[in-house]
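S.K.: I am attaching a structure below and will ask some questions about it afterwards.
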Amino acid sequence: MTGFLPYGRQTIDDDDVAAVAEALRSDFLTTGPRVDAFEHAFAEAVGAAHAVACANGTAALHLAMLALEAGEGDVCVAPSITFLATANCIRYVGAEVVFADVDPESGLMTEATLKDALAHCDDRKVAAILPVHLRGDICELPAIRRLADGVGAAVIEDACHALGSGMRFASGAARAGDSRWGDLAVFSFHPVKTLTTGEGGMVTTRDARLAERLRTMRSHGMVRPAGADPWVYEMAEPGFNYRLPDVLCALGLSQLAKLSRFVERRRMLARLYQAALAPLAPTVRLAESPAWSDPALHLLTVLIDFDAVGKTRAQVMAALRERGVGSQVHYIPVHAQPYYRTRYGPLDLPGAAAWYGRCLTLPLFPAMAEADVERVAEALAEALQ
Ligand SMILES: *Cc1c(COP(=O)(O)O)cnc(C)c1O
């Protein structure tokens, strides 16, 4: 690819455009057959029993919290290194956030950092634990499940980065979203993610009751009682309009057919990066991938020792930009955001601070050419000089 390389970018082919055009000419722009078709195909793709499509990944997180009936008086644990939405969805339902620290080399919440966070939950009810599969690498789910069971909490996997990722633990293998260890898993189809619908999201679960609640809360909390007159609906609790329209489900279906191609391409580019960045070690290292994780990387994040280089991250990012290479920071610790700092005071999460101080995400998306990886590595070497 010539020209500027963003850190992430969608891949839209002519058949994606045709699928959307066909949906636009059909009888249903929303609440039609393509929603069901997308949900079924997605459930099949990740090995889930149920998949519920919704407006975006943030809505998916909110629906997951609503499905669990978490609320005021409850606490939920989320890692500090994630996108804002993972923590915000906890506040949407009135529960409080307890931030977990992360491993400074992988950026993931671990068994140890979760234990620490649970110790800060005091005697409040822990409604949910939200591990984030950062970059596409999988958290230690069996250990997280054990700790969750110990306090009676549900597990919501934020799998927004992990579509197509696999895992292999002593107790078995699984795919992100199959809910083998989690209760619910959440995906986003924002254009930078592995598969896009423009805006869109999905919640998967193996629990039919949770799936039913997700569907009810996705559409205003409306239920049609069995045997009632055809116009009758009832609302026990106000829900939302978080539906994903047929037009976008058509795009999702078309994209989903390419998932294995996207995943293979990401894996191949990640392997090229490994080789291309090796000469820059130890100043630049790839984020660590846990042994059990078989990631379909969404983000190619490196850890840079900026002190050793004698340059700030802003300088390095500017030098990369001059060379046509985009980069991004994933993420600013959420606990340090003004809203959370005001609410919970300053927190000491050294793993999150160490991660944040060194992380930089480099371009990774299927349309990149193999030569682009070399180009990025050279630009980074020059930028650090
Ligand atoms: C993208 C993302 C979200 C939110 O998804 P949207 O579709 O943008 O609402 C939530 N969590 C993580 C980790 C994400 O990367």
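S.K.: Which residues, counting only those in segment 286-310, are open to solvent by 30 Å² or more (accessible area, probe 1.4 Å) and either of a type in the set (D, E, K, R) or part of a loop (DSSP other than H, G, I, E, B) (or both)?
M.R.: Answer for segment 286-310, where residues must be open to solvent by 30 Å² or more (accessible area, probe 1.4 Å) and either of a type in the set (D, E, K, R) or part of a loop (DSSP other than H, G, I, E, B) (or both): 288, 289, 291, 292, 294, 305, 307, 310.
S.K.: Inspect segment 186-194 for any residue being part of a helix (DSSP H, G or I), within 15 Å of the ligand (Cβ to nearest atom) and under 18 Å from the mean Cα position of the chain (by Cα) and give the result as yes or no.
M.R.: no
S.K.: Next up: Could you check segment 161-185 and list, in sequence order, the residues that are closer than 20 Å to residue 129 by Cβ and within 16 Å of the ligand (Cβ to nearest atom)?
M.R.: 161, 162, 165, 176, 177, 182, 184, 185
S.K.: For segment 323-342: of the residues being in contact (Cβ under 8 Å) with a residue 60 or more places away in the chain and assigned to a helix (DSSP H, G or I), which is farthest from residue 302 (Cα to Cα)?
M.R.: 340
S.K.: Would a scan of segment 237-260 turn up a residue that is under 30 Å from residue 172 (Cβ atoms), under 22 Å from the mean Cα position of the chain (by Cα), without any contact (Cβ under 8 Å) to a residue 40 or more places away in the chain and part of a helix (DSSP H, G or I)?
M.R.: no
S.K.: Continuing with this model, one more query. Just to be sure I understand, how many residues within segment 161-178 are crowded, with 24+ Cβ neighbours inside 10 Å and either among the hydrophobic types (A, V, I, L, M, F, W, C) or in contact with a strand residue (DSSP E or B) (Cβ under 6 Å, 6 or more places away or on another chain) (or both)?
M.R.: Total meeting the criteria: 5.
S.K.: Exactly one of these conditions fails for residue 242: (1) within 16 Å of the ligand (Cβ to nearest atom); (2) surrounded by fewer than 22 Cβ atoms within 10 Å (Cβ to Cβ); (3) of a type in the set (Ser, Thr, Tyr). Give me its number.
M.R.: The single condition residue 242 does not satisfy is (2).
S.K.: Could you tell me whether residue 358 is of a type in the set (Lys, Arg) and farther than 23 Å from residue 79 by Cβ?
M.R.: No; evaluated as a whole, the condition is false for this residue.
S.K.: Exactly one condition in (1) on the phi < 0 side of the Ramachandran plot; (2) more than 17 Å from the chain's Cα centre (by Cα) is not met by residue 122; state its number.
M.R.: That leaves (1) as the condition not met.
S.K.: Which one of 158, 137 is within 15 Å of the ligand (Cβ to nearest atom), more than 27 Å from residue 343 (Cα to Cα) and either buried (at least 23 other Cβ atoms within 10 Å of the Cβ) or not assigned by TED's automatic domain parsing to the domain that holds residue 46 (or both)?
M.R.: Result of the check over 158, 137: 137.
S.K.: Here's something else I'd like to know. Of the residues that sit in segment 195-227 and are part of a loop (DSSP other than H, G, I, E, B), touching a residue at least 60 places away in the same chain (Cβ under 8 Å) and within 13 Å of the ligand (Cβ to nearest atom), which one is nearest to residue 69 (Cα to Cα)?
M.R.: So, considering only residues that are part of a loop (DSSP other than H, G, I, E, B), touching a residue at least 60 places away in the same chain (Cβ under 8 Å) and within 13 Å of the ligand (Cβ to nearest atom), the one nearest to residue 69 (Cα to Cα) is 200.
S.K.: A further question follows. Within the bounds of segment 345-353, is there any residue that is under 24 Å from residue 285 (Cβ atoms), open to solvent by less than 20 Å² (accessible area, probe 1.4 Å) and modelled with pLDDT of 95 or more?
M.R.: For segment 345-353, residues under 24 Å from residue 285 (Cβ atoms), open to solvent by less than 20 Å² (accessible area, probe 1.4 Å) and modelled with pLDDT of 95 or more: present.
S.K.: Applying the selection to segment 54-65, what residues are within 12 Å of the ligand (Cβ to nearest atom) and under 13 Å from residue 214 (Cβ atoms)?
M.R.: Within segment 54-65, 54, 55, 59, 60, 61, 62, 63, 64 meet the criteria.
S.K.: Could you count how many residues in segment 140-153 are open to solvent by 10 Å² or more (accessible area, probe 1.4 Å) and of a type in the set (A, V, I, L, M, F, W, C)?
M.R.: Of the residues in that region, 2 qualify.
S.K.: Restricting to segment 114-134, what's the tally of residues that are assigned to a helix (DSSP H, G or I) and either touching a Lys or Arg at 6+ places or on another chain (Cβ under 9 Å) or within 12 Å of the ligand (Cβ to nearest atom) (or both)?
M.R.: Count: 1.
The values are calculated or read from the model by the stated rules, or taken from the named source; none is laboratory data. Remember, predicted model here, so these are calculated numbers, not experimental data. Note that each Cβ is placed from the backbone with ideal geometry, even for glycine, and that neighbours are counted across all protein chains shown. With ligands, DNA and RNA removed, areas are computed over all heavy atoms of the protein, side chains included. Shrake-Rupley method; radii C 1.70, N 1.55, O 1.52, S 1.80 Å.
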